[in-house]
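See structure below.
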């Protein structure tokens, strides 16, 4: 995976230089700025595609328990996205899932369903 980020996957991320003017950066920092801008754009565009907003044209399936999801958080650097597994769904009055209980590596959280991206993998089968 190093060809994607330019470093080992286990390396410590570089400090964020996206908001520093270009004329104040060294050549290496400018390279890092371009890389960070690429990943920020990829994050916004690709994860939005995973959500598949249908805008009431067709009914989409509700989030189901045991589905693997990525929790959208704009404050995380690349390759540090929070993944979790859906434990419970909390439907609204219209039986559409609005809130979800998600288990991550750091704990159990309740999140809005529109802040989750379902990963395209088969759900875990319970026994």
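The values are calculated or read from the model by the stated rules, or taken from the named source; none is laboratory data. Treat the numbers as computed from the prediction; the structure is a model and nothing was measured. With ideal geometry, Cβ positions are generated from the backbone for all residues, glycine too; neighbour counts draw on all protein chains shown.
Below are the figures for this structure:
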quantity: First in the range 70-81 and in contact (Cβ under 8 Å) with a residue 12 or more places away in the chain, second anywhere and surrounded by 14 or more Cβ atoms within 10 Å (Cβ to Cβ) and part of a loop (DSSP other than H, G, I, E, B), Cβ under 6 Å, 6 or more apart; calculated: 70/81; 77/13
quantity: Any chance residue 80 is modelled with pLDDT under 85 and either in contact with a helix residue (DSSP H, G or I) (Cβ under 8 Å, 6 or more places away or on another chain) or part of a loop (DSSP other than H, G, I, E, B) (or both); calculated: yes
